[in-house]
Each structure stands twice: as structure tokens, then as C-alpha cells.
Amino acid sequence: MSELAKGPIVGIDLGTTNSVVAAVINGRPEVLSDDGEAILPSVVGVDPQGKLITGTVARNQQVAFPERTIVSIKRHMGQMDKVNLGEQQFTPPEVSAMILRKLRDRASRVLGTPVSRAVITVPAFFDENQRQATREAGELAGLTVERIINEPTAASLVYHAGADHKQHLVVYDFGGGTFDVSVVRMEAGVIEVLSSKGDTHLGGDDLDALLLKYVADIFISKHEIDLRTNASTRWRLLQACERAKRELSTEATTTISEEFIAEKAGQPLHLNVTITRRDYEGLIEHLVEKTIDCVDDALRDAKLNMNQIDELVLVGGSTRTPLVQERLREEFKLEPSRAVDPDLAVALGAAVQAAMLEGQKVGRVLIDVTGHTLGIAALSGSSMFGSQAHFSPIIHRNTPLPATYEQAYFKNSEGQTVAEIDVYQGEHNDLALNQSIGIFKVDVEAGGGEKNRIVVRFDLTLDGVLNVTALQPATGKKNDLKINNALSNFQEHDRELAKDRLSTMFIESDELADDDEFNRPADWIRRDSPDTAVPTPQSGAAGKAAALIGQARQIANTVGGDDSEELRSLADQLEAAISSADDAQIESLSAALDDVLFYVQ
């Protein structure tokens with residue numbers, strides 16, 4: 001089957017808080033927006049009728065029905081502990097598949113052709129089990145996952161890729177649930193990742209949690225009631241804290257005010273807490289410093305210092321925090337760059353990678369690195385086996401991909417006839433602190449001399465597939481193991497059951513949509529009412545502007561007064577600028593509308 005017959009490959013940023021799908025159209029990466037939304041909240045739920053809902057609709061029911069809503073599932077990827085969704089339970093890959101399915105369908109509608117292939121991004125510091133869980137999620141969503149790539153790597157693909165002179169970039173990716181930093185060298189269209197470092201449990205969620213605890217503790221001190229004990233009240237408070245966090249990005253002070261949030265002795269209680277930016281920064285300072293420590297480690301691994309960095313690229317919504325930008329300015333003596341929208345850069349880069357796989361000429365060559373050290377269990381000294389085994393690295397972290405390395409070991413005794421190869425990933429000498437990702441045995445001949453020697457070879461592909469071979473050179477006896485991002489936690493039987501169950505849920509949910517929704521023209525997006533229908537051009541500036549218009553009109557219905565009037569007025573002016581193809585006005589009005597949206601959200 002030809003590549004064309006297989007259909008397009010899209011790029012997907014599967015995020016903790018929000019997800020985005022993009023594709024290269026007419027040589028340029030474009031975010032695929034639907035109903036005016038470029039970003040899909042990574043929220044999954046079931047409605048009161050038991051039908052699957054995803055994105056904004058699911059997020060809107062979170063406060064009222066927290067038991068029927070799942071958020072931040074990305075933080076559970078790589079685990080197989082099930083989460084509750086209404087009366088059913090699902091694994092993290094299944095929940096992520098629901099988000100990916102929504103993005104797949106969005107891409108199919110916008111592109112006007114079925115989409116079944118994708119490049120999906122993951123945090124650079126995701127381990128092999130987490131990467132495999134992401135691949136599983138894609139397959140459960142009906143996608144062929146052509147490549148799993150690192151988020152900072154993807155973002156680097158949309159920055160200065162055509163520059164002829166050598167540049168060093170630091171890509172600082174602080175998202176909703178994870179943090180990554182990559183050091184990248186760019187020269188003559190070649191993008192080489194020199195090192196990566198990160199923390200898969202450090203993100204905007206943690207900043208929100210600290211603010212929530214701060215506010216909840218104040219309420220406890222006043223009323224002796226913990227607002228976190230009731231699920232609905234906790235989500236309500238969390239949303240208020242998220243709004244306050246955004247406001248503190250531009251304001252010195254904000255007030256969290258929620259009426260009738262609790263009751264005591266039959267009397268309603270209201271929440272009213274004023275928070276200064278300094279208060280907030282005091283709460284989160286230690287987490288920001290953790291990211292700076294990761295930056296230092298990544299630079300050290302890349303054998304560079306901060307004076308050798310030409311540009312500091314910010315990716316992820318948490319980089320809007322003023323303290324983050326201030327600390328980075330102090331460290332690098334550079335002004336951080338947000339030339340590409342931090343929320344969209346990863347998806348756009350994934351689209352570029354997808355185009356590269358399709359054979360499109362995008363003027364870039366990507367050299368990525370492995371995020372973790374890979375090796376086997378071995379005895380101290382030259383022996384392989386024993387109770388006091390330690391970790392023996394074969395492919396080290398930050399090795400360019402693809403990578404092939406081999407290392408010689410020796411049998412435990414001349415009489416040994418079976419060698420057990422236990423494959424680990426991690427950065428510690430102590431095996432207990434690392435993760436076993438595969439194990440196999442190889443028959444060997446007894447004897448000394450050359451028969452004592454066993455060579456273990458690691459081949460790690462660009463797709464993250466690890467092939468491990470163990471060979472006794474003297475006899476030619478060997479065995480091997482393919483680790484596809486890691487041993488899958490899904491058994492074949494469980495995988496088929498998950499596919500059947502999700503397929504039924506998808507079909508039932510699709511029945512709620514208009515029959516002709518899939519066949520809508522690709523250059524028009526249906527809004528909620530006729531007066532909000534606008535063409536969505538495929539050009540970058542106008543496409544983003546159309547998305548802003550839809551977002552503004554949606555929010556204008558939920559806010560009142562001058563804010564609502566300003567949103568509607570700017571949306572009307574921007575729509576007129578798009579119709580007249582006035583690029584200068586589109587750019588100016590888009591910036592103004594984006595600023596107002598940021599303030600009111």
C-alpha cells in the first residue's frame with residue numbers, strides 16, 4: 001500500500017491538561033481547530049445517560065459530577081491501576097485513547113479525509129513503560145502510531161530549523177503535569193538533541209495544588225471546615241485557584257471569591273481570600289528551583305555552559321508564570337522566547353515530524369536522544385550472575401538515536417549452561433532503584449576459555465524499539481528479545497476486550513452527533529449558532545484568528561458587562577479583517593483579542 005493510500009499522518013500533543021492535533025498543510029504546520037477550539041481539554045467523562053464525553057463538555061461537568069469525570073490521566077500512564085469513570089473502571093491507556101479518538105475525529109473532519117496515523121509526543125523523561133502505554137492508547141483509539149517523540153524535541157522542530165549558522169537552544173517545557181528540558185544544537189537544517197532532563201511529576205497541577213492547600217488552610221483556620229473533603233467543593237475550589245494563578249501572571253494581587261461554598265450550623269459560608277503574587281511565588285519557589293536544577297543537569301550532560309546558549313525557548317502553559325521567566329532570565333542572561341505559542345509548539349513540531357515520515361520536504365533532519373540509561377543486571381567484577389547483582393549500563397542516557405552498543409560479560413562458572421539476561425533502565429548502580437523492562441535466557445555450552453564469554457548487544461531504534469541479543473561467540477549460540485518501548489502491560493486478551501469496550505462506547509457517543517458532521521467542508525467549522533459561523537482559513541495567522549473568534553464568542557456568553565461587549569466587538573472586527581485579507585489588521589486584532597481572553601479566563 002502506498003503512503004498516499006494510507007492517508008495523512010498527523011502530530012498529536014497528548015497533554016496532561018490540554019491536547020492538540022496538527023498537520024502540515026501546504027508546507028506549513030497548522031493546528032487543526034474544531035468549533036473554534038484549537039486546544040482540547042484532556043478531560044474525559046460520562047454524561048447522566050452514560051454516554052462518553054470528552055474535552056470542554058467533560059470539563060464543564062467536573063464540578064457537578066466529579067465521580068463521572070477524569071482529569072490528568074497522563075500522570076498515571078505506565079501504570080495499570082484502574083480509575084473510576086461513573087460505574088465502570090478503565091486503565092490509563094483506555095482513558096487516553098478516548099482523548100486521542102476525539103483528536104483523530106477532529107483531524108478527519110478538518111482535513112476532509114479519514115485519519116488513522118499519528119506521531120504522538122511524550123515527555124522526554126517518560127520511561128519505557130510510559131511510552132508503551134502511550135502507544136497502546138493510540139492503537140486503542142484506532143491509530144497507527146508511526147513514531148513516539150519527545151515533547152521538547154518536537155517543539156525544537158518549529159524554531160529556526162532553516163538557519164545555516166550553528167545555534168544552541170535550551171527548550172524549557174513546563175506543562176500541566178510534567179517538566180522537561182532539552183539542549184539542542186541546530187545547524188544547516190540538522191536538529192540534534194544533545195541532552196534531556198526532566199521530572200514526570202512536576203507541572204502546573206502541582207502549582208495549583210499548593211495554592212489550593214494554602215486557601216483551604218485559611219478557610220480551615222476561620223471555619224474549621226476542610227473544603228477538600230467534599231469532591232465537588234474541592235473541584236470548585238481548584239478551578240478558582242487555577243483562575244487565580246492565571247490572573248497572578250499579569251496582576252500583582254487577586255481575590256478568590258466563592259459564595260455558598262460550605263455550610264455550618266445551617267448558615268452558608270462564603271470564601272473570600274486575597275492573594276498577592278509574592279504570596280503565590282513563595283508557595284511555588286521550591287518547585288521552580290527544581291526545574292532550574294534540571295536545566296543545570298542538562299547543560300552539564302551536553303558539556304555546555306549558559307553563555308553558549310543562543311536562545312531559550314519556552315513551551316507549556318506553566319511558563320507564563322512570572323517567577324519562572326524571572327529565574328530563567330537570571331540564569332541565562334537571555335530574554336526567554338515565546339515566538340511560537342507555548343501551548344501549540346509541541347503539536348506543531350509533531351506535525352513536522354509526521355511530514356518528515358511522509359516524505360515531505362520540510363528542510364529538517366532530526367537527531368534525538370534516549371532519555372534513560374539501558375543495561376543489564378551483572379555481578380561486580382567480570383561475572384554476570386549472583387545475589388549481589390548491580391546495574392551494568394550498555395546504552396547511556398542522552399545517546400543519539402538510533403544506537404547500537406555491545407558489551408562482553410563472563411559466565412558465573414565454567415559449568416554454567418544457561419545465562420539469564422535481565423534488562424533494566426535507570427540511572428542507579430543499585431538495581432532496586434531501576435526498572436526491569438525485560439528478561440530472557442540463552443543456552444550456552446559449558447567450558448572455560450572463550451566459552452566463558454557472552455556478548456550482549458543492544459540495538460535501539462528511532463521508534464524506541466530495543467532489540468537485545470545475547471551471543472556466546474565461541475559456539476554461535478544466541479537468543480534475543482524485542483522490547484517494544486517495554487514489555488506491554490496489556491495482555492493480548494485484555495487488549496481485545498479494551499478495544500471491544502471502547503468501540504462500543506465510541507459508537508454510542510457518535511450517535512449523538514449529526515449524521516453529516518463528518519462530511520462538512522474542511523474550510524468551515526460549525527459553531528453553536530448561525531451568527532458564529534466563520535470560515536477557518538488554512539493560513540497560519542488567519543487560522544489562529546478564526547480559532548480566537550470562536551473562543552471569544554463562546555466565553556462572551558459566560559461573562560457579562562464590559563468584558564462581554566469587548567470580546568464581541570473585537571471578534572466582529574477580526575472577522576471583517578479575515579474577510580478582507582488584511583494581514584496587518586489580523587495580526588493586530590488577534591493580539592488584542594488574545595490579551596482580553598487571557599484576562600477574562
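The values are calculated or read from the model by the stated rules, or taken from the named source; none is laboratory data. A quick note: this is a predicted structure, and the numbers were derived from the prediction, not measured. For neighbour counting, all protein chains shown are included, and Cβ atoms are generated from backbone atoms with ideal geometry for every residue, glycine included. Accessible surface areas use protein heavy atoms only, side chains included; no ligands, DNA or RNA. Shrake-Rupley method; radii C 1.70, N 1.55, O 1.52, S 1.80 Å.
Return the residues of segment 267-284 that are open to solvent by less than 70 Å² (accessible area, probe 1.4 Å) and touching a residue at least 12 places away in the same chain (Cβ under 8 Å); say none if nothing qualifies.
Within segment 267-284, 269, 271, 273, 275, 276, 277, 279, 280, 281, 283, 284 meet the criteria.
Return the pair list, or none, for Cβ contacts closer than 7 Å from residues in segment 34-54 that are more than 14 Å from residue 68 (Cα to Cα) to residues that are assigned to a strand (DSSP E or B) and of a type in the set (S, T, N, Q), at least 6 apart or on different chains.
Close Cβ pairs satisfying both conditions: 39/18; 40/18; 40/19; 41/18; 42/18; 42/19.
Which condition number in (1) touching a strand residue (DSSP E or B) at 6+ places or on another chain (Cβ under 8 Å); (2) more than 25 Å from residue 598 (Cα to Cα) is the one that residue 155 fails?
The one condition residue 155 does not meet is (2).
So the check is Cβ under 8 Å with 6+ separation or different chains; which pairs have a first residue in segment 472-487 that's within 19 Å of residue 374 (Cβ to Cβ) and a second one that's at pLDDT below 90 and among the basic types (Lys, Arg)?
485/131; 486/131
Can you find a residue that is open to solvent by less than 20 Å² (accessible area, probe 1.4 Å) and farther than 30 Å from residue 258 by Cβ anywhere in segment 196-207?
yes
Being open to solvent by 10 Å² or more (accessible area, probe 1.4 Å) and more than 17 Å from the chain's Cα centre (by Cα) is the filter; apply it to segment 144-160 and report the residue that is nearest to residue 463 (Cα to Cα).
Only one residue tops the list, namely 144.
For residue 179, state whether it is more than 17 Å from residue 73 (Cβ to Cβ), open to solvent by 10 Å² or more (accessible area, probe 1.4 Å) and within 17 Å of the chain's Cα centre (by Cα).
no
Which one of these is closer than 30 Å to residue 232 by Cα and either touching a Lys or Arg at 6+ places or on another chain (Cβ under 6 Å) or in a loop (DSSP other than H, G, I, E, B) (or both): 63, 119?
63
Within segment 81-113, track down each residue that is part of a loop (DSSP other than H, G, I, E, B) and more than 19 Å from the chain's Cα centre (by Cα).
Correct list: 81, 82, 86, 87, 112, 113.
Among 288, 315, which is touching a residue at least 60 places away in the same chain (Cβ under 8 Å) and not basic (Lys, Arg)?
Unique residue meeting the criteria: 315.
Residues in segment 457-478: is at least one among the polar types (S, T, N, Q), crowded, with 17+ Cβ neighbours inside 10 Å and either at pLDDT below 85 or at positive phi (or both)?
no
Of all residues in segment 321-355 being in contact with a Lys or Arg (Cβ under 9 Å, 6 or more places away or on another chain) and open to solvent by 50 Å² or more (accessible area, probe 1.4 Å), which is modelled with the lowest pLDDT?
It comes out as 338.
Since residue 436 meets every condition but one in (1) surrounded by 20 or more Cβ atoms within 10 Å (Cβ to Cβ); (2) part of a strand (DSSP E or B); (3) modelled with pLDDT under 90, which condition does it not meet?
Every condition holds for residue 436 apart from (1).
Residues of segment 379-409 being modelled with pLDDT of 80 or more, more than 21 Å from residue 127 (Cβ to Cβ) and surrounded by 20 or more Cβ atoms within 10 Å (Cβ to Cβ), which ones?
Correct list: 409 only.
For segment 329-340, what are the residues that are in contact with a helix residue (DSSP H, G or I) (Cβ under 8 Å, 6 or more places away or on another chain) and not β-branched (Val, Ile, Thr)?
Passing the criteria: 331, 332, 333, 334, 335, 336, 338.
List every residue pair whose Cβ atoms lie under 6 Å apart, where the two residues are 6 or more positions apart in sequence or sit on different chains, the first residue falls within segment 63-81 and is in contact (Cβ under 8 Å) with a residue 60 or more places away in the chain, and the second residue, located anywhere, is charged (D, E, K, R) and outside any loop (DSSP other than H, G, I, E, B).
Hits for this filter: 63/236; 72/205.
For segment 235-266, name all the residues that are open to solvent by 80 Å² or more (accessible area, probe 1.4 Å) and either hydrophobic (A, V, I, L, M, F, W, C) or within 24 Å of residue 62 (Cα to Cα) (or both). Show your work before the answer.
Step one: of segment 235-266, the residues open to solvent by 80 Å² or more (accessible area, probe 1.4 Å) are 243, 246, 251, 259-260, 263-265.
If the condition is that a residue be open to solvent by 80 Å² or more (accessible area, probe 1.4 Å) and either hydrophobic (A, V, I, L, M, F, W, C) or within 24 Å of residue 62 (Cα to Cα) (or both), then 243, 246, 259, 260, 263, 265 are the ones that fit.
Can you pull out every residue in segment 54-84 that is crowded, with 22+ Cβ neighbours inside 10 Å, on the phi < 0 side of the Ramachandran plot and touching a strand residue (DSSP E or B) at 6+ places or on another chain (Cβ under 6 Å)?
Listed by number, the residues that qualify are 54, 58, 69, 70, 71.
Which one is least open to solvent (accessible area, probe 1.4 Å), of the residues in segment 32-53 that are farther than 19 Å from residue 73 by Cβ and part of a strand (DSSP E or B)?
Among those that are farther than 19 Å from residue 73 by Cβ and part of a strand (DSSP E or B), it is 34.
Given the options 298, 302, name the one that is over 22 Å from residue 14 (Cα atoms), in contact with a His (Cβ under 9 Å, 6 or more places away or on another chain), surrounded by 18 or more Cβ atoms within 10 Å (Cβ to Cβ) and touching a residue at least 24 places away in the same chain (Cβ under 8 Å). Explain how you work it out, then say what you get.
On the way: 298 fails: in contact with a His (Cβ under 9 Å, 6 or more places away or on another chain).
Going through 298, 302 in turn, just one is over 22 Å from residue 14 (Cα atoms), in contact with a His (Cβ under 9 Å, 6 or more places away or on another chain), surrounded by 18 or more Cβ atoms within 10 Å (Cβ to Cβ) and touching a residue at least 24 places away in the same chain (Cβ under 8 Å): 302.
Anything in segment 322-340 that is without any contact (Cβ under 8 Å) to a residue 24 or more places away in the chain and in a loop (DSSP other than H, G, I, E, B)? List them, or say none.
335
Exactly one of these conditions fails for residue 293: (1) open to solvent by less than 70 Å² (accessible area, probe 1.4 Å); (2) farther than 30 Å from residue 61 by Cβ. Give me its number.
Every listed condition holds for residue 293 apart from (1).
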